[in-house]
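Okay, so here's the structure we're looking at.
Values in this text are rule-based calculations from the coordinates and carry no lab data. Because the structure is a prediction, the values reported are computed rather than measured. Glycine gets a Cβ as well: all are built from the backbone with ideal geometry, and neighbour counts include every protein chain shown.
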Amino acid sequence: MNNSTITRIPAFDQVRTMAVISMIISHVALMFGSGEACSTLIGRFMDSFCGSAPAAPVFMLLMGIFFIFPKDKPFSVKFIRGIKLFALGILLNIVRQVIPFFILLTYAPTEFDRIREMLQTTRSDIFWRLLYNLDILSFAGIAFMLLALLQIFIKKTYQWIIVGAVAVFSAPYLWGIGENMGAVFYFFQPLWGRALIQNVPTDTPFPAFPWLIYPLAGLLIGRFLLAGVKEPEIFKGMLQTGLSLATAGAVLIAVFGMKQFGDYYRMYAGGTFLVVSFALLWTAFFMWITRIGLFQATLTKLSFWSENITLVYCVQWFLFGFSVLLLHFRRVDNPWILVALTPGFFFLTYLLSKLLLLSTRFMNGFRWFTK
C-alpha cells in the first residue's frame with residue numbers, strides 16, 4: 001500500500017480527544033477529592049470511570065496503532081523515541097511532583113507530612129519515589145523500546161498474539177520480583193513493578209506486564225491498516241475481538257472473582273481482557289459514528305486536544321502538581337466542588353498549551369522528546 005495515499009482516520013483523533021477529556025476529569029478527583037467525595041456517585045464517575053477504561057488504555061491502544069501506521073519507521077528511530085519518552089516522563093516528574101513537594105516541605109511541612117503518610121512512604125524515600133514514579137509517559141517509552149525490539153524477531157500476527165497472552169498471564173507471577181535486590185530493582189520496576197498488596201499504593205502505575213497488551217493490540221490494528229485492510233473490515237475485526245475478549249474476561253471473573261481487577265494498574269487476565277475489550281469497542285464505536293456522520297462537527301472543534309496530546313498531558317500535570325500548593329491534596333469533601341473545579345482546569349490547560357505553542361524555542365525542545 002502506498003503510504004502517501006493514506007488519509008488520516010478521524011475516529012482515532014476523536015477517541016483520543018475523549019481520552020484527554022476523561023483524563024483531566026479524573027485527575028481533578030484524584031488530586032483534590034477526599035475519600036468521602038470519591039465514594040459518591042459523582043466522585044466514582046470522575047475517579048473510577050473516567051480515570052480507568054476511557055483514558056490510559058485507549059491512549060495506549062492508539063499509541064500502538066501509530067507506532068506503525070501510517071508509515072513504519074526504522075528500529076533505531078522507534079527505540080530512540082522510546083528513550084526520549086521515558087526521559088520526558090522523568091523530567092515531568094521533577095516538574096509536577098519533586099519541585100512542588102520540595103516547596104511544601106520548606107513552607108508547609110505539616111501538609112507535606114500529611115501527604116507523605118497518605119502515600120505510605122518515609123521522608124528519606126519520598127523524593128526518590130516521586131522522581132521514579134513511572135507514569136504513562138514512562139510506560140510509553142518502555143513500550144516503544146520493547147515493541148521495537150520485538151519487531152526485529154516477530155513477523156506474524158499469531159506471534160504477536162502469543163506475546164500479548166504471555167504479557168497478560170505472566171504478569172501476576174512477576175510483580176514484585178527483585179524488590180529485595182536494592183537498586184537493581186529499579187531496572188525491573190518499569191517492566192513489572194512492585195508486588196500487589198491490597199490498599200498499598202504503587203509507584204509503577206503502568207508496568208509493562210500486563211499493560212503492554214494495549215499498545216500491542218493497537219500495533220496489530222496498525223499492521224492491518226498498513227497492509228491495506230479497509231476501515232469496514234478493521235471495524236468488524238475490532239468488534240469481534242472486543243466481544244470475544246469481553247466474554248473471556250467475564251468468564252474468568254465469574255470463576256475467580258472480582259480480585260481479577262487487582263488495583264487497576266496491576267490486573268489479572270480477567271480484568272485486563274475486559275478493559276482491552278472496552279478500548280477496542282470504544283474505538284470501534286467512534287469509527288461507526290464517523291461513518292454515519294454523528295457528532296462530527298462538535299468532535300472536530302475539539303480536535304486541539306488530540307492534535308497536541310503530549311503537550312496537553314504535560315501541561316495539565318504541571319497545573320495539577322502546583323495547584324496542590326493552593327488547593328491541597330485530597331481535601332475536598334463535596335463532589336460538586338470537584339465538578340466546579342473541572343472547567344477551570346480545562347481552560348487553564350488549553351490557555352497554557354496555546355501559549356507554549358507560540359514559543360518556538362520551547363516547542364523545538366519539547367518536540368525533540370516526542371520525535
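What helices does the chain have that are whole DSSP H segments, at least 20 Å long along their own axis by Cα, and with mean Kyte-Doolittle hydropathy of 1.6 or more?
Values: long enough: 10-32 (34 Å, 1.22); 75-93 (27 Å, 1.35); 136-153 (26 Å, 2.42); 157-174 (25 Å, 1.28); 231-256 (37 Å, 1.07); 269-292 (34 Å, 1.55); 309-327 (26 Å, 2.07); 335-357 (33 Å, 1.63).
Helices meeting the span and hydropathy rule in the chain are 136-153, 309-327, 335-357.
Mean silhouette area of region 314-355, derived from the convex hull of its C-alpha atoms and averaged over all directions, reads 3.0 nm².
Can you give the calculated 222 nm mean residue ellipticity of the chain, where each DSSP H run of n ≥ 4 adds -39,500 (n - 2.57) and the sum is split over every residue, rounded to the nearest 500 deg cm²/dmol?
Values: 19 runs with 263 residues, N = 371.
-23000 deg cm²/dmol, from helical runs alone.
Its alpha carbons considered, region 250-371 gives a radius of gyration followed by a Dmax of 19.4, 56 Å. Placing unit charges on the Cβ atoms only, positive for Lys and Arg and negative for Asp and Glu, gives the chain a dipole magnitude near 1000 debye about its Cα centre.
Remark: spin-label model distance LEU355-PHE169 equals 5.3 nm, labels positioned 7 Å along the Cα→Cβ axis.
How large is the Kirkwood hydrodynamic radius of region 182-226, in angstrom, based on all distinct alpha carbon pairs?
When all Cα pairs of region 182-226 are included, the Kirkwood radius is 12.3 Å.
Along its three principal directions, the equivalent ellipsoid of region 43-186 from the Cα gyration tensor extends over semi-axes of 33, 18, 17 Å, largest first.
When all alpha carbon pairs of the chain are counted in 20 Å bins from zero, the resulting P(r) reads 27, 62, 11, 0 %. Each principal axis of the Cα atoms in region 121-258 has its own extent, and those three values, largest first, are 55, 37, 22 angstrom.
What is the fewest-to-most order of THR121, THR283, THR204 by other Cβ atoms lying within 10 Å of their Cβ?
THR121, THR204, THR283
If you run the Gaussian network model on the chain, springs between alpha carbon atoms under 10 Å, then out of VAL168, VAL20, VAL251 the most flexible one is VAL251. Evaluating kT/(6 pi eta Rh) at 25 °C and 0.890 mPa s, with the Kirkwood radius of region 139-220 over Cα pairs in the Stokes-Einstein relation, gives 184 µm² s⁻¹.
At q = 0.12, 0.14, 0.24 Å⁻¹, what is the base-10 log of I(q)/I(0) for region 1-72 according to the Debye formula with one equal point scatterer per Cα and no solvent? Please give it to two decimals. After summing over all Cα pairs, the log10 values are -0.43, -0.52, -0.97.
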